[in-house]
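As structure tokens, the structure follows; a few thoughts come after it.
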Amino acid sequence: MRNLKFWLAALFLSASIFIQAQEKKTYKVHTVAFYNLENLFDTENDPEKNDEASPIMEMKGDVEAVYKKKVSNMARVIADIGKDITNNSPVILGVSEVENRKVMEDVANDPQLIDKDYGIVHYDSPDRRGIDVGLYYQKGLFTPLNTSTHELLIYDDNTRDRIYTRDQLLVSGKLEDELIHIIVNHWPSRRGGEARSRPTRVAAAKLNKKIIDSLQTIDPYAKIFIMGDLNDDPTNASVKEVLNAKREKEDVEFKGIYNPMENFFKKGLGSNAYRDSWSLFDQIMVTQPLIEKDYSSFRLYKAGIFNKNYLITKRGRWKGYPFRSFADGGFTDGFSDHFPTYVVLIKEVN
């Protein structure tokens, strides 16, 4: 009888191990990110732009050496985003504050990134400072099918003169075999104060909503990423009222938008700082199909602010702030006045 009990116990243990082994799942994992590259300008004067007012063009000395180091620093960060989770750099990365396609190419061709074989999507914007948004993608994992740039038409309330700002970039394509859409933004600044400039960002959000609605008219289940430096926090009207982005997944309805960044902001975390106050202007939001619980296709696994120690200022008046590249008329050998933000996608493969 004792032997029979032993045999039954051993059989039960073996069956449990087999079931656990059968239930073990494997996932594909990718990072999608956004990074404000803080005044990534080249050293050549473009007569069509106000690029001579950029920090690097206003410097004295060996600006070529500064430019090369700035490019290298940007590549270092991009190579590192999500690497501890996916063992890879971002499969897709939206960027802002880039002067032109050339500077994006220089970053992609840096030795720290060259093996990623990044493709580039870029259009020139009418921004007075000469800065644009753009998109990097790993050619082996993402295939663009359609790209377009969307002009934001806004005007000064007093003079009725047009305010020239960044266009919004839409890229649709296949992440492996799944269709996704990415909207890259750099909304108007808070120059003149938050309240006075608020209508410009509300207008930017309305343009975003128009793009989103057009995509969802074609496919109500469209997987859309809304990313960028919004110059607004997750709780501002542009995000909460115009986009109607939700803080909690369970509150997101069909065709709705989930903003994982709002919980970070509520905890006092941010991506940029000003006058000892943190903001979370750099956001990534997703539409409802990306938060469903069925992992047979790519879904949102987690989000984060990429704020590793080397990206933080260690001393001086900006101690604790993002370690910016330019300050007091010189190059600091830093990175950006914004931290990158990211989301991690997972998909069950067996």
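Each Lys and Arg Cβ is given +1 and each Asp and Glu Cβ -1; about its Cα centre, the range 121-243 then shows a dipole of about 320 debye.
When the chain is treated as a GNM with alpha-carbon contacts under 10 Å, the residue of Ile182, Ile291, Ile257 showing the greatest mean-square fluctuation is Ile291. Our summary gives the chain a relative contact order of 18 percent, counting only alpha carbon pairs under 8 angstrom and 6 or more residues apart. In the chain, the longest principal axis of the Cα atoms and the axis of helix 2-23 are about 30 degrees apart. Under 17 Å from the 7 Å Cα→Cβ point of Lys83, by amide nitrogen: which residues of the range 307-342? What the label zone holds, given the 17 Å backbone N cut-off, is 307-312, 335-336, 340-342. Comparing mean-square fluctuations of Asp110, Asp167, Asp219 from a GNM of the chain with C-alpha springs under 10 Å, the top value falls on Asp219.
Suppose the Debye formula is applied to equal point scatterers at every Cα of the chain; what is log10 I(q)/I(0) at q = 0.15 Å⁻¹? Normalising to I(0) and taking log10 leaves -1.34. Length gained on full extension, Ile312 to Thr147, computed as 0.36 nm times the residue gap minus the Cα-Cα distance: 55.9 nm. Taking 0.36 nm per residue of separation and subtracting the Cα-Cα distance, full extension of the segment from Tyr274 to Tyr123 would add 51.4 nm. Summary of the geometry: the range 211-266 and the range 37-83, compared by the centres of their Cα atoms, lie 32 Å apart.
Using C-alpha pairs under 8 Å with a sequence gap of at least 6, the mean separation divided by the residue count of the range 214-350 gives a relative contact order of 23 percent. Compared with the direct C-alpha span, the chain from Asp251 to Asp157 gains 30.2 nm at full extension, assuming 0.36 nm per residue. Of the residues Ala204, Ala33, Ala327, the one that moves most in a GNM of the chain with alpha-carbon contacts below 10 Å is Ala327.
With angles folded into 0 to 90 degrees, how steeply does helix 63-80 sit against the dominant principal axis of the chain? Use alpha carbons for both and round to 10. Relative to the chain, helix 63-80 is tipped by roughly 20 degrees.
Sorted on the mean count of surrounding Cβ atoms within 10 Å across their residues, most packed first, peptides 262-268, 65-71 read 65-71, 262-268.
Coordinate-derived values only; no laboratory data. As the structure is a computational prediction, the values presented were derived from the model and not from experiment. Positions of Cβ are backbone-derived with ideal geometry, glycine not excepted, and every protein chain shown enters the neighbour counts.
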